[in-house]
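Undergrad: Have a look at this one.
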Amino acid sequence: MVIEHFEEFSDPVDGTRWTVDVGFLGSRWRCIWGEGCQGILDEPAEALNHGCCSVGTELLDEDEAMAISAHVALLDDDLFQFHSWAEENGIFEDERRARTITVEGACVFLNRPGFAGGGGCALHLQAIRDGERPIDVKPSVCWQLPLIAEHGDDGTARLRRWGRDDRGPDGATMAWCCTEGENAQVGERTTADELADELQALVGPEVAVAIRDSVR
Ligand code: SF4
């Protein structure tokens, strides 16, 4: 069990006062998708390889929906298993364009085990092929997990780990949660180093460096 432990950091550039769970960022968590991840369903479901993509993803706003639409047009067919399906049914859950749609029990962008172009997120795979950073093309929630940044309106912000409560009522019945327990505590470096790009994008370069230094 990785104990929550919060410390404060100030951003010298914009003045934001961050409260950060250095207990988690100093742990050895890393994503173990395809290496024992049990998913987020009520029953352990390692063989499905859905990871946390079983329910599609919530999009930030219409700008993000537009950006994802634009990226779909750039996806190579051989990296996007549900390309034809998406052409017919779209990529959003409904006309509000607030969530990605699911197909066969998981996000439309999730290539399933055995797909010739590779399992996993089609947007992620395309970014790697194109020499881009996945965090620049994936929906925010997808690249930020398991971190959550919460901004107050008084110049403060909090950076914490994702947990089952963040799934609302469905969280209570999840069979497994990768930020709990020891299952995903298998990294060879700190979580802050493992998630260096994500951390920098969330808190800015100065605070990211300060956090990484503080947990080494
Ligand atoms: S972030 Fe956690 S739940 Fe999602 S794929 Fe990785 S290990 Fe699985």
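Laboratory data are not the source of any read-out in this text; all were calculated from the coordinates shown. Remember, predicted model here, so these are calculated numbers, not experimental data. Reconstructed Cβ throughout: ideal geometry from the backbone, glycine too, with neighbour counts over all protein chains shown.
Undergrad: Would you please report the Å³ per residue occupied by the convex hull of the alpha carbon atoms in region 45-137?
TA: In region 45-137, the Cα convex hull volume per residue is 95 Å³.
Undergrad: While we're here: Per residue of region 159-176, what does 6.51 cos²θ - 1.76 cosθ + 1.60 with θ = phi - 60° give for ³J(HN,Hα)? Whole Hz please, x for Gly and Pro, Karplus curve as stated.
TA: Couplings: 10, 9, 7, 5, x, 4, 4, 6, 8, x, x, 5, x, 4, 9, 4, 5, 7 Hz.
Undergrad: Which value, in debye to the nearest 20, gives the size of the charge dipole of the chain about its Cα centre, when Lys and Arg are +1 and Asp and Glu are -1 at the Cβ?
TA: For this selection, approximately 540 debye.
Undergrad: If you don't mind, there's one more thing I want to ask. 7 Å from Cα along Cα→Cβ at both ASP77 and ALA98: what's the point-to-point distance in nm?
TA: Each label point is offset 7 Å from its Cα along the Cβ direction, giving 3.5 nm.
Undergrad: Further question: What FRET efficiency comes out for the pair SER84/ILE128, r = Cβ-Cβ distance, R0 = 30 Å, nearest 0.05?
TA: 0.85
Undergrad: Follow-up. First obtain the Kirkwood hydrodynamic radius of the chain from its Cα pairs, then insert it into the Stokes-Einstein equation at 10 °C and 1.306 mPa s, and state the resulting D in µm² per second as a whole number.
TA: My calculation gives 87 µm²/s for D.
Undergrad: Specify the inter-centroid distance of region 84-115 and region 181-216, based on alpha-carbon positions, in whole Å.
TA: Result: 31 Å between the Cα centres.
Undergrad: Which cysteines does the chain leave without a neighbouring Cys Cβ under 4.7 Å?
TA: Lone cysteines by the Cβ rule: CYS31, CYS37, CYS52, CYS121, CYS142, CYS177, CYS178.
Undergrad: Moving on to the next point. What is the Rg over Rh value, at two decimals, for region 64-117, using alpha-carbon atoms and the Kirkwood definition of Rh?
TA: So for region 64-117, dividing Rg by the Kirkwood Rh gives 0.94.
Undergrad: Which of the listed residues, SER10, GLN81, ALA67, is farthest toward the dipole's positive end in region 1-92, when Lys, Arg count +1 and Asp, Glu count -1 at the beta-carbon?
TA: Of the candidates, SER10 comes out farthest on the positive side.
Undergrad: Along the charge dipole of region 121-209, which of MET174, VAL203, SER140 sits closest to the positive end, that is, farthest toward it, with unit charges on the beta carbon of Lys, Arg, Asp and Glu (+1, +1, -1, -1)?
TA: Going by the charge dipole, the pick is MET174.
Undergrad: A further question on this structure: Kindly rank 129-135, 107-113 from highest to lowest mean number of other beta carbons found within 10 Å of each residue.
TA: Per-residue Cβ counts within 10 Å, averaged per peptide and sorted highest first, yield 107-113, 129-135.
Undergrad: Here's a follow-up. Between HIS5 and ARG216, what length in nm is gained on full extension when 0.36 nm per residue of separation is reduced by their alpha carbon distance?
TA: Value of the extension gain: 74.5 nm.
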